[in-house]
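**Q** The structure is given below, and queries will be raised subsequently.
The values are calculated or read from the model by the stated rules, or taken from the named source; none is laboratory data. Computed from a prediction, not measured in an experiment: that's the story for all the values here. Cβ coordinates were reconstructed from backbone atoms using ideal geometry, including for glycine residues, and neighbour counts include every protein chain displayed. These accessible areas exclude ligands, DNA and RNA; they are computed on the full protein's heavy atoms, side chains included. Shrake-Rupley method; radii C 1.70, N 1.55, O 1.52, S 1.80 Å.
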Amino acid sequence: MELTFGSILQLARFTVQKPREGARAVLSLNLPNDARWSLLLLVAIGAALLTSVSIALLPAEMREMLGGGAQSPLVSAGLQSAALLLLVGVMTQIGRWRGGKGSFADALLLVGWLQFILLLVQAVQLASQLVAPFISEIIGIAGIALFFWLLTNFVAELHGFRSLGKVFAGILLTMFALSFVLALFLMPLMAAQGV
């Protein structure tokens, strides 16, 4: 399959319509590892840039509440990359622990692809924010639902799991556990800084 911008958009639409088949099609491209890493880095940078533009469009009071770090594309790109890499690792290891067969390289590609689709949604949301903020909020909620729908299907396809319900429950439990662990680590740091 020759990759052009048009064919990539078609594959993205197909993936939204049929996530498992879309994931299978992406994995069948057999992209080299450097291309998979490049995709992850590019989508993280793209998301950071769109987030920075979104923040710039907010009223000054709201921008001040977010602080300078949230407005920096460099900081945002670093945080996005770290979060995506964490997702790749968790997706691989938890899936294998539950009897899955997926590899880190394939998880890397699927997370990059997932973020690319969400980047398209984010671009549409940003455009609608300029015209109709109410529609932008609806797109934001739909984007969250799409994230969970695609992630559930991608994890199932990556590891060969059949039950989407069990995969979704596993994702929620894993997110809860990670939030708890992160809170345990961050609370002492925040207390030391007097936050």
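**Q** Name the most mobile residue of LEU49, LEU150, LEU31, meaning the one with the largest mean-square fluctuation, in a Gaussian network model of the chain with Cα contacts below 10 Å.
**A** It is LEU31.
**Q** Give me the dipole magnitude in Debye, nearest 20, for the chain about the Cα centre, with unit charges on the beta carbon: positive for Lys and Arg, negative for Asp and Glu.
**A** Its charge dipole is roughly 680 debye.
**Q** Before I look further, what does the chain give for accessible area per residue, probe 1.4 Å, in whole square angstrom?
**A** Accessible area per residue, the chain: 59 Å².
**Q** Estimate the FRET efficiency between PHE5 and LEU164 by the formula 1/(1 + (r/R0)^6), using the beta-carbon distance for r and 30 Å for R0, to the nearest 0.05.
**A** 0.45
**Q** Determine ³J(HN,Hα), in whole Hz, for all residues of the range 145-160 in sequence, where each value follows from phi through the Karplus function 6.51 cos²θ - 1.76 cosθ + 1.60 and θ = phi - 60°; x replaces Gly and Pro.
**A** With the stated coefficients, the range 145-160 comes to 4, 5, 4, 5, 5, 5, 4, 4, 5, 5, 5, 4, 5, 4, 9, x Hz.
**Q** Then there's this: Assuming R0 = 30 Å, can you tell me the calculated FRET efficiency for the pair LEU29 and GLU61, based on Cβ-Cβ distance, to the nearest 0.05?
**A** Efficiency computed from Cβ-Cβ geometry: 0.05.
**Q** Here's a follow-up. Helix-only estimate, please: 222 nm mean residue ellipticity of the chain, summing -39500 (n - 2.57) across DSSP H runs of length 4 or more and dividing by its residues, to the nearest 500.
**A** Computed mean residue ellipticity for the chain: -29000 deg cm²/dmol.
**Q** Under 1.5 on a/c is rounded, so check that first for the chain, then, if it is not, pick prolate when a/b is larger than b/c and oblate when it is not; a ≥ b ≥ c are the square roots of the alpha carbon gyration tensor eigenvalues.
**A** Oblate, since a/c reaches 1.5 and b/c is not below a/b.
**Q** Also, quick follow-up: Can you tell me which of 164-174, 76-86 comes out highest on packing, and rank the rest after it, using the mean Cβ neighbours within 10 Å?
**A** 76-86, 164-174
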